[in-house]
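Before any comments, here is the structure.
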Amino acid sequence: MIATLTLNPSLDKTIFVDRLLDDEVCRALEVRVDPGGKGINVARALSELGSEVLAFGLVAGFTGQFLEKLLLEEKLAFHFVRGAGETRENLLIHERESDRQYKINAPGPLFSPEDLEELAEKLFSPRDFLVFSGSLPEGLSKAIYRDWIERARRENISTLLDCDGTALLEGLKARPNVLKLNKREFERMAGKSLEEPQLLDEARTLIRSGIEMVVVSSGAESVYAINRDEAWRALPPSVEAVCPVGAGDAMAAGLVFKLAAKASFFEAVRFCVAAGTAGALTPGNQRIDEALVRKLFPLVEMAKL
């Protein structure tokens, strides 16, 4: 069993337009609403890949109820704790003429210490992997990932961390088993821009600190994966991306899916890149296609570093 945690979930509304115009009415060509939040995205991808997965999180208000309704329709197992206020709504505008995307993320509601205690009671049950990913709503301690990764280690649960900012810096102190970031997040963490040699050096420093595996994606260009014994550069298949939003979460899902199945490091990395590519080929925030992941898997080029 794999569990994902989303402390700041959302309803993701994707609007497709021909072109955005200043001070003009823009007619939507298509509008879709999907469940959102990084941990929920990971759980949905894991479910599509055939994994037994349970999504945990905090929801509130009418949007929280609608989010639950969408997940029930997808037959995704979840356990949410309800708080006050409203679950956030995020907006993605896709301009088809330029193929540009504009993403606006709203803040989340406030939750009480009692809400977190109730969530933790259910979260820490025997399971193979716990995925901690995404932003934190206002009012939550920036050290919550650190505290809960430390608790997961005491209970022999493997962890993956995928977040940014102070929550990331605090979470690193707990030495998650797997750290999965994009290159911009990794550079912000390091406090400098990183070319390949420096990126590998930074990753190996983290490995020496006790983190078992570091995976850093650079969009469609490459994915770097480092553990104690190996370092790989994976080249995704050349495709014309439909919507890169959520591709990183699909990567995390593919990685955890294979690691939980005790696959080799090489296979897990190659599969996660295939899953991320499938995510980039998926419109809006829809679930990835498992058959497409399998098709892309042999097309991922792997170079040992």
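We did not get these values from a lab; they are worked out from the coordinates using the rules stated. Here the structure is a predicted model, which is why all the values come from computation and not from measurement. Every residue, glycine as well, gets a Cβ built from its backbone with ideal geometry; the counts of neighbours run over all protein chains shown.
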So, R0 is 30 Å and r is the distance between the beta-carbons of Ala261 and Arg96; what FRET efficiency does that work out to, to 0.05?
0.20
Dipole of the chain [Lys/Arg +1, Asp/Glu -1 at C-beta], most positive-end residue of Val273, Ala260, Pro35:
Ala260
What relative contact order, as a whole-number percentage, does the range 2-304 give when Cα pairs under 8 Å and 6 or more residues apart are counted?
16
With each run of n ≥ 4 DSSP H residues scored as -39500 (n - 2.57), what mean residue ellipticity at 222 nm is computed for the chain after dividing by its residue count and rounding to the nearest 500 deg cm²/dmol?
-11500 deg cm²/dmol
Spin-label pair Gln286/Cys26, simplified geometry with 7 Å Cα→Cβ offset, distance in nm
2.2
If you find the alpha carbon centre of the range 16-84 and of the range 153-216, how far apart are they in angstrom?
27
Rank Cys26, Cys163, Cys272 by mean-square fluctuation in a GNM of the chain with C-alpha springs under 10 angstrom and give only the top-ranked residue.
Cys26
Taking the beta-carbon count within 10 Å as an exposure proxy, list Met302, Met251, Met189 from fewest neighbours to most.
Met302, Met189, Met251
What's the exposure ranking of Ser222, Ser133, going from fewest to most Cβ atoms within 10 Å?
Ser222, Ser133
Among Pro109, Phe129, Phe80, whose Cα sits farthest toward the positive end of the charge dipole of the range 34-144 (+1 at Cβ of Lys/Arg, -1 at Cβ of Asp/Glu, about the Cα centre)?
Phe129
Assign unit charges at the C-beta atoms only (+1 for Lys and Arg, -1 for Asp and Glu), then state the dipole size of the chain relative to its Cα centre in Debye, rounded to the nearest 20.
820
Virtual spin-label span in nm between Lys304 and Glu195, 7 Å along Cα→Cβ
2.6
Can you pull a Stokes-Einstein diffusion coefficient for the range 258-304 at 4 °C (1.567 mPa s), Rh from Kirkwood over Cα pairs, as a whole number of µm²/s?
117
Quick one: Kirkwood hydrodynamic radius for the chain, alpha-carbon pairs, angstrom, one decimal?
19.5
So which trypsin sites (Lys or Arg not before Pro) in the range 191-241 are both in a DSSP loop and have at most 14 other Cβ atoms within 10 Å of their Cβ?
Lys192, Arg228
If Phe271, Phe265, Phe80 are placed from fewest to most neighbouring beta carbons inside 10 Å, the sequence is Phe265, Phe80, Phe271
With Cα springs under 10 Å, the Gaussian network model of the chain assigns the largest mean-square fluctuation among Glu68, Glu30, Glu118 to Glu30
